[in-house]
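Engineer: Okay, here's the structure, questions in a sec.
The values are calculated or read from the model by the stated rules, or taken from the named source; none is laboratory data. Computed from a prediction, not measured in an experiment: that's the story for all the values here. Here the Cβ positions follow ideal geometry from the backbone for every residue, glycine too, while neighbour counts run over all protein chains shown. With ligands, DNA and RNA removed, areas are computed over all heavy atoms of the protein, side chains included. Shrake-Rupley method; radii C 1.70, N 1.55, O 1.52, S 1.80 Å.
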Amino acid sequence: MLRDITLGQYYPTNSFVHRIDPRVKLLCLAVFITLLFMLNTVWAYAFLTLALGLVVYASKVPVKFMLKGLKSIVMIVVFMSVLNIFFSYGDTVLFSVWIFKITLEGILLTVKMVVRLVLLLIGSSLLTLTTTPIELTGALESILKPFKRIGLPSHEIAMMMTIALRFIPTLLEETDKIMKAQTARGADFDTGSIVKRAKSLLPLLIPLFISAFRRAIELATAMEARCYRGDINRTKMNVMRLSARDYKALAAIAAFAVVTAFLNVI
């Protein structure tokens with residue numbers, strides 16, 4: 001299950017989406033997320049899903065690999081869906097027992113929530129799957145650079161965010177190794193009630209924290225050995241510049257936003 005999480009991983013291949021400037025991809029993701037939480041009509045959701053599918057196809061990332069990341073949120077989706085169905089109020093009551101009521105409005109709200117969550121995960125994963133950590137750091141630093149005038153450490157913030165995102169799959173892999181080692185010693189993580197299974201995960205925390213701190217110390221030592229001093233007198237080997245494909249991507253996201261907004265009001 002832990003290996004199924006795709007957020008934070010990079011899928012190396014040569015595609016149009018991979019070659020787009022990472023700053024443009026961050027802007028496109030921001031527009032996508034904004035539109036995702038503003039939609040109300042079926043046509044708008046259908047168009048948004050179709051557009052995201054075309055981008056996934058253009059990225060050359062296997063669909064199976066992309067959908068694999070959805071396995072990690074199945075329990076969350078089921079739990080949130082049950083809460084929404086039984087505790088959402090509406091006028092059209094379909095089923096009622098004791099204090100629980102299932103309404104048509106609650107079902108529609110649940111479907112909308114599930115679609116939003118799935119599209120959000122796929123869109124966010126697509127950014128990290130098509131952008132290397134170094135490119136992502138440079139893009140975040142470039143976007144936050146104007147705030148440096150008011151004392152915001154843009155380089156340090158971008159570095160911390162990228163390192164945190166980069167270590168998600170690493171820590172998940174470490175957790176998987178610890179679970180397998182404890183399973184070989186007789187630990188049981190798969191049977192029993194939800195409470196019992198949750199308690200069985202507690203022994204994972206101590207070795208996981210120790211491993212995380214060890215990796216953090218190793219990373220800090222490696223950065224110091226390379227004379228890393230933050231943004232002080234730091235130069236870049238590859239300076240980001242927008243190309244023709246980036247302007248095409250910006251034009252495409254602008255047209256996409258206009259069409260989606262139109263479909264959302266009809």
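Engineer: Would region 235-258 turn up any residue that is open to solvent by less than 60 Å² (accessible area, probe 1.4 Å) and charged (D, E, K, R)?
Structural biologist: Yes, region 235-258 has at least one match.
Engineer: Condition first: open to solvent by less than 40 Å² (accessible area, probe 1.4 Å) and either farther than 30 Å from I102 by Cα or without any contact (Cβ under 8 Å) to a residue 60 or more places away in the chain (or both). Can you find one or more residues in region 35-50 that meet it?
Structural biologist: Narrowing region 35-50 to residues open to solvent by less than 40 Å² (accessible area, probe 1.4 Å): 35-36, 39, 41, 44-45, 48.
Among the residues that remain, those that are also either farther than 30 Å from I102 by Cα or without any contact (Cβ under 8 Å) to a residue 60 or more places away in the chain (or both) are: none.
The answer is no; no qualifying residue exists.
Engineer: Shifting gears a bit: Mind telling me which of the residues L36, L2, L29 ends up being out of contact with any Cys (no Cβ under 9 Å at 6 or more places or on another chain) and either hydroxyl-bearing (S, T, Y) or modelled with pLDDT under 80 (or both)? Break it down stepwise before answering.
Structural biologist: Values: L36 fails: either hydroxyl-bearing (S, T, Y) or modelled with pLDDT under 80 (or both); L29 fails: either hydroxyl-bearing (S, T, Y) or modelled with pLDDT under 80 (or both).
Being out of contact with any Cys (no Cβ under 9 Å at 6 or more places or on another chain) and either hydroxyl-bearing (S, T, Y) or modelled with pLDDT under 80 (or both) holds for just one of L36, L2, L29, which is L2.
Engineer: So, one more: Is there any pair with a first residue in region 92-119 that is loosely packed, with under 14 Cβ neighbours inside 10 Å and a second that is outside any helix (DSSP H, G or I) and polar (S, T, N, Q) whose Cβ atoms are under 6 Å apart and which are 6 or more apart or on different chains, and what are they?
Structural biologist: T92/T103; V93/T103; L104/T92
Engineer: Same structure, new question: Among the candidates I206, I217, I194, single out the residue that is at pLDDT below 75, aliphatic (A, V, I, L, M) and open to solvent by 100 Å² or more (accessible area, probe 1.4 Å).
Structural biologist: Values: I206 fails: at pLDDT below 75; I217 fails: at pLDDT below 75.
One residue alone meets the criteria, I194.
Engineer: Kindly indicate whether any position in region 133-150 is touching a strand residue (DSSP E or B) at 6+ places or on another chain (Cβ under 7 Å) and loosely packed, with under 15 Cβ neighbours inside 10 Å.
Structural biologist: So the first thing to find is which residues in region 133-150 are touching a strand residue (DSSP E or B) at 6+ places or on another chain (Cβ under 7 Å), and the list is none.
No, there is no match, as no residue in region 133-150 is touching a strand residue (DSSP E or B) at 6+ places or on another chain (Cβ under 7 Å) and loosely packed, with under 15 Cβ neighbours inside 10 Å.
Engineer: Moving on to the next point. Anything in region 92-113 that is of a type in the set (G, A, S) and not in a helix (DSSP H, G or I)? List them, or say none. Don't jump to the end; show me each part of the working.
Structural biologist: As a first pass, look at region 92-113 and keep what is of a type in the set (G, A, S): 96, 106.
If the condition is that a residue be of a type in the set (G, A, S) and not in a helix (DSSP H, G or I), then S96 is the only one that fits.
Engineer: Only one of (1) under 29 Å from V17 (Cα atoms); (2) hydroxyl-bearing (S, T, Y); (3) at pLDDT below 80 fails for S124. Which number is that?
Structural biologist: Every condition holds for S124 apart from (3).
Engineer: Check R241, R166 and return the single one that is under 30 Å from V31 (Cα atoms) and not in a helix (DSSP H, G or I). Explain how you work it out, then say what you get.
Structural biologist: Values: R166 fails: not in a helix (DSSP H, G or I).
On inspection, the qualifying residue turns out to be R241.
Engineer: Taking region 51-91 as the search range and keeping residues that are of a type in the set (D, E, K, R) and assigned to a helix (DSSP H, G or I), which one is surrounded by the most Cβ atoms within 10 Å (Cβ to Cβ)? Explain how you work it out, then say what you get.
Structural biologist: Residues of region 51-91 of a type in the set (D, E, K, R): 60, 64, 68, 71, 91.
Then keep just the ones that are assigned to a helix (DSSP H, G or I); that gives 64, 68, 71.
Details: K64: 7, K68: 15, K71: 13.
Ranking the qualifying residues of region 51-91, first place goes to K68.
Engineer: Moving on. Is it true that some residue in region 149-157 is under 17 Å from the mean Cα position of the chain (by Cα) and either on the phi > 0 side of the Ramachandran plot or at pLDDT 80 or above (or both)?
Structural biologist: no
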